Amino acid sequence: MTYDRDNRSLFVPPSTQDHIQGVLNAAVVFVMYGDYECFQSANVYRLIKVAQQQLNVSFGENNLGFIFRHFLQVQIHPYAQRAAEAAEAAAAQGQFWQMHEMLFIHQQELGNGYLVEYANRLGLDISQFLQNLSKGAYVNCINADIEGALRSGVEAAPALFTNGIRYLDRWTVEQIMAAIVAAND
């Protein structure tokens, strides 16, 4: 299968199947494709968090939606797959965003023992968590995110889309805020 590398539109639209902060029908919806072992993915996530906080103060809670999808770069990040599966296993217990934060904060420590430690810190049912990981219960979900990214022209993480259009400006809070304001108009 070939992919349109010049595509700048989001192939898979945001839906209730996604992990979302904010609301799906917000004025601006960011979709980020990221990798938990990728330093730049963590930085972009932090920038978006700052932008969210600033917007919530200025415009209220429901002005911005943020969706995270997986785009693993396993050839350079050997722990990315297992970290993504851990996030999905946490999601099954209602703790996706908490695990998401933990993985980005501790991205130098993503081995299996650490993942169990993080699940324990979050108060997850460890037996269920380990069972989901050992079964590979979320591999298809993660692969679907990757496939959607490829169809959207994504070649590397992080990749960001604003209201379905690929964000290609500089990765600064000011530029992201400007993109939000522009998308809001």
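The values are calculated or read from the model by the stated rules, or taken from the named source; none is laboratory data. Quantities reported herein were computed from a predicted structural model and do not represent experimental measurements. For neighbour counting, all protein chains shown are included, and Cβ atoms are generated from backbone atoms with ideal geometry for every residue, glycine included. Please note that ligands, DNA and RNA were not included when accessible areas were found on the heavy atoms of the full protein model with its side chains. Shrake-Rupley method; radii C 1.70, N 1.55, O 1.52, S 1.80 Å.
Summary table
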read-out	value
Test result for residue 148, in a helix (DSSP H, G or I) and among the small types (Gly, Ala, Ser)	yes
Yes/no for residue 174 being under 15 Å from residue 35 (Cβ atoms) and not hydrophobic (A, V, I, L, M, F, W, C)	no
Residues of region 143-185 satisfying the condition of being touching a His at 6+ places or on another chain (Cβ under 7 Å) and either open to solvent by 30 Å² or more (accessible area, probe 1.4 Å) or among the hydrophobic types (A, V, I, L, M, F, W, C) (or both)	146
Matching entry among 123, 136, 148 (being farther than 26 Å from residue 64 by Cβ and touching a residue at least 40 places away in the same chain (Cβ under 8 Å))	136
Of all residues making up region 131-145, the number that are part of a helix (DSSP H, G or I) and under 22 Å from the mean Cα position of the chain (by Cα)	9
Exclusive hit being touching a residue at least 60 places away in the same chain (Cβ under 8 Å), in a helix (DSSP H, G or I) and of a type in the set (A, V, I, L, M, F, W, C), set 177, 102	177
Scan of region 27-83 for residues that are open to solvent by 80 Å² or more (accessible area, probe 1.4 Å) and of a type in the set (Gly, Ala, Ser), ordered by number	58
Any hit, region 110-122, residues being surrounded by 12 or more Cβ atoms within 10 Å (Cβ to Cβ) and small (Gly, Ala, Ser)	yes
Odd one out for residue 107 among (1) part of a helix (DSSP H, G or I); (2) touching a residue at least 40 places away in the same chain (Cβ under 8 Å)	(1)
